[in-house]
1. How much length would be gained if the chain were fully extended between ARG119 and GLU54, taking 0.36 nm per residue of separation minus their Cα-Cα distance, in nm to one decimal?
2. Sort the following peptides by mean Cβ neighbour count (other Cβ atoms within 10 Å, averaged over residues), highest first: 123-129, 145-151.
3. Among 96-108, 72-84, what's the highest-first ranking by average C-beta atoms within 10 angstrom per residue?
4. For Cα pairs less than 8 Å apart in space and 6+ apart in sequence, what is the mean separation divided by the residue count of segment 56-115, i.e. the relative contact order in percent?
5. 5 Å is the cut-off here: which amide hydrogens, built 1.01 Å from N in the peptide plane, fall below it relative to THR82, excluding neighbours closer than 5 in sequence?
6. Run the quick spin-label model on ASP102 and ARG77: label points 7 Å from Cα toward the beta carbon, then report their separation in nm to one decimal.
Amino acid sequence: MQSLKGPPEVVEVGKSGTRPERSTYSRVVPGSSARVLVVDDNKVIRQLIRVNLELEGFEVVTAADGAECLDVVHSVRPDVVTLDVVMPRLDGLRTAARLHEDPQTRDVPVAIVSACSRREVDDGHAAGVDAFLAKPFEPGELVRVVRQLARVGKRPRREPPAGDPPGGGSAPFAHPAG
């Protein structure tokens, strides 16, 4: 008798554990208002963000960290990217900076969805982040932030005058963690 083996079981572990290879989630939503690339290493948070955005008519693609985001961003061609800050391989701020440096993705609005310190908010503005949403977040606020970014797109960033804080107030809104 021949033994049939299925695909290897994928085991989800905590943030500090080693993660098995996983595929990017994508679901095409006919008539969607915008495509959002959701990047977070926590599977539960990714699913929470995905479900809330899909319920509001967004098409959502997910990635487990910044490196995976950069691997798929050119094929996904999102209208908005949401990023967690603390992730393995490549964190959210360095991912945002790389997206901002890339001519093909520099105009894609980026929102950080994370518990951020004031320094991370300042570093995020310098890296090209357009909005911040503190965890834990209200689902309605998440949808509002993503919808506004999808509607206005990336605005040309002005250089702050000498003495202005990083970001120079160029982000349409900011919700730093207190």
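1. 20.2 nm
2. Result, highest mean first: 123-129, 145-151.
3. Result, highest mean Cβ count within 10 Å first: 72-84, 96-108.
4. 38 percent
5. Long-range HN contacts for THR82: LEU37, VAL38, VAL39, ALA111.
6. That separation, rounded to one decimal, is 1.4 nm.
Every number in this text was worked out from the coordinates using simple rules, so none of it is lab data. Predicted model only: the values in this text are computed from it and were never measured. Note that we place each Cβ from the backbone using ideal geometry, even for glycine, and neighbour counts take in every protein chain shown.
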